[in-house]
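Worksheet for the structure shown next.
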Amino acid sequence: MLKWLKNRREKKKRIAAAKKTYSDDVRIIPRAEHGISRKNIDESAIKVLSRLNKAGYEAYLVGGAVRDLLLGHRPKDFDVATDATPEQVKELFRNCRLIGRRFRLAHIHFGRHIIEVATFRGDHGDSQSGHQDDSGRILRDNVYGDIEQDVWRRDFTVNALYYNIADFSVVDFVGGYEDVMEGRLRLIGDPEDRYREDPVRMIRVIRFAAKLGFSIDESCQDFIRDEGVILRDVPAARLYEEVLKLFHSGHAIKSFQGLRDYYLLEHLFPEASKVLDGNEIALKFLQLAMQSTDERIQQNKPVTPAFLFAALLWAPLQRRTEKRLAKGEPHSLALQKAASAMIGEQVRFVSIPKRFTMVMRDIWALQSRFSYRTGKRATSVFEHPKFRAGYDFLCLRSQAGEINDADCRWWTEFQNNSPEAQQKKTESKQRRRPPRRRNKKPKD
Ligand code: ATP
Ligand code: MG
């Protein structure tokens, strides 16, 4: 009897939430029309949505998840938006942790899996909890609001659809449903204001276009081409995160092309961008590196940012090294110094954590050592902890036509041999070397 009463009360609350009235220009797409099935929504996300709703709060699945479900893709993550404050969310879930300063969020933990719950954001205005700098960039954003205000802080219309757990409808305030159906990326509001508010949106639009195969609405194109330079106001650490998302989501080749088409590469990797102009081989090499990253991700193989950054900076690094060689510096010193200067210059734009710059240096330094095929020097190349990455890098260079394929072929064969055969291979070469003549008499 008690259970029955409880259920009835819950249902009443649900109905009340479902009956929530929105402003006139909203479009509600009912379950029968949009075709999103709960089967395809993450179980933990459903649990979070349902519990919030049962407690009398509004609860929606938002962002990329709704967009991807409409497209029949499996979403990467399932984000939730609610009118409950982070503290109220915490009261409902034992497995909840509050995080973030710029955006205060609730993380609900299910083992290693996390569902992110965000409270609806409101207008920043002049309030203490929200803050913009002189160029319009949002610095802090902790003013809570309702769903109709929350829509306006999202970037693209296709990312601003809300799946309502109360009645399984999709709520659309900005024409996002039609844009998903037509494969179009459109910023909510005035494009210029929205890009200025957060220049990272220029990179995001390239990423979504690459990932979803969507077109970029004309209204959102010109500003990127003309004003990409505002990316330079974004902290290098944030750009690192965004660049990683661009290149490590399985669509690196298309994203890279997008950056070039919209003249953004020059603001992220200025030196690389300059060297690439008219350099077919360097461009081919980068495309091969991106392609191999995409393939590895599709095959669920691990990828490291070090490899990609090493590839992106390879052509300008060589240019710097050559200048030093021309001044008479020995090769390994020239490379080391050029690498330090190259990295130092690059991290002013897009930062790269030290643990990765160290691997990049290893990959670069190994390149000239692959010509050692005998004795201890060859063995130490093979035993180098970054041998595999260095070797992959070497073979991409020969595939691109930068070097001939002798070294790549030799090391490929070498790895396929048994340890005994490997030893023989390095030894036999050693024996073939002509003995060094000492005390050679000078000719008269
Ligand atoms: P993905 O599938 O790649 O994760 P996503 O759309 O979920 O794509 P996220 O970066 O996970 O993208 O962000 C989640 C949601 O938060 C977005 O859909 C968008 O509504 C909002 N959002 C994220 N970053 C921004 C931003 N810079 N400006 C405005 N809204 C943003
Ligand atoms: Mg996401």
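What the table below lists for this structure:
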quantity: Computed E for Gln423/Glu241 - FRET, C-beta separation, R0 51 angstrom, nearest 0.05; calculated: 0.65
quantity: Whole-angstrom gap from region 341-374 to region 199-254, using each part's C-alpha centre; calculated: 25
quantity: Residue-by-residue Karplus 3J(HN,Hα) for region 252-258, coefficients 6.51, -1.76, 1.60, Hz, glycine and proline x; calculated: 5, 4, 5, 5, 4, 4, x
quantity: For the chain, share of DSSP beta bridges that run antiparallel, in % to the nearest 5; calculated: 80
quantity: Long-range HN-HN contacts of Ala59 with modeled amide H, under 5 Å; calculated: Ile165, Ala166
quantity: Region 228-233 - phi-based ³J(HN,Hα) in whole Hz, Karplus 6.51/-1.76/1.60, Gly and Pro as x; calculated: x, 4, 5, 4, 5, 7
quantity: Relative contact order, percent, the chain [alpha-carbon distance under 8 Å, six or more residues apart]; calculated: 10
quantity: Per-residue ³J(HN,Hα) for region 380-388, Karplus 6.51 cos²θ - 1.76 cosθ + 1.60, θ = phi - 60°, Hz, x for Gly and Pro; calculated: 5, 5, 5, 8, 4, x, 9, 3, 4
quantity: Relative packing of peptides 59-68, 335-344 - highest average C-beta neighbours within 10 Å first; calculated: 59-68, 335-344
quantity: Rounded to 10°, Cα long-axis angle of helix 406-416 versus longest principal axis of the chain; calculated: 70
quantity: Charge dipole (the chain, unit charges on Cβ, about Cα centre) - positive-most of Leu268, Leu187, Asn53; calculated: Leu268
quantity: Length gained when the stretch Asp233-His331 is fully extended (0.36 nm per residue, less Cα-Cα span); calculated: 31.6 nm
quantity: Residues with amide H under 5 Å from that of Tyr144, placed H, sequence gap 5 or more; calculated: Gly122
quantity: Members of Lys245/Lys274; Lys211/Lys284; Lys245/Lys301; Lys301/Lys337; Lys20/Lys211 lying beyond 28 Å, as alpha-carbon distances in this model show; calculated: Lys301/Lys337; Lys20/Lys211
quantity: Arg94 paired with Arg348, simple spin-label distance in nm, labels 7 Å along Cα-to-beta-carbon; calculated: 5.4
quantity: Residue-normalised accessible area of region 200-325, expressed per residue, 1.4 Å probe, Å²; calculated: 43
quantity: Glu322-Ala406 pseudo-label distance in nm [points 7 Å out on the Cα-to-Cβ vector]; calculated: 2.0
quantity: Estimated 222 nm signal from helices in the chain, with DSSP H stretches of n ≥ 4 weighted -39500 (n - 2.57), rounded to 500; calculated: -15500 deg cm²/dmol
quantity: Disulfide-incompatible cysteines by the Cβ rule (no partner under 4.7 Å) in the chain; calculated: Cys96, Cys220
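The values are calculated or read from the model by the stated rules, or taken from the named source; none is laboratory data. Just so you know, these numbers come straight off a predicted model, no measurement behind them. Cβ sites come from the backbone with ideal geometry, for glycine too, and all protein chains shown count toward neighbours. What goes into the accessible areas is simple: the full protein's heavy atoms, side chains included, and nothing from ligands, DNA or RNA. Shrake-Rupley method; radii C 1.70, N 1.55, O 1.52, S 1.80 Å.
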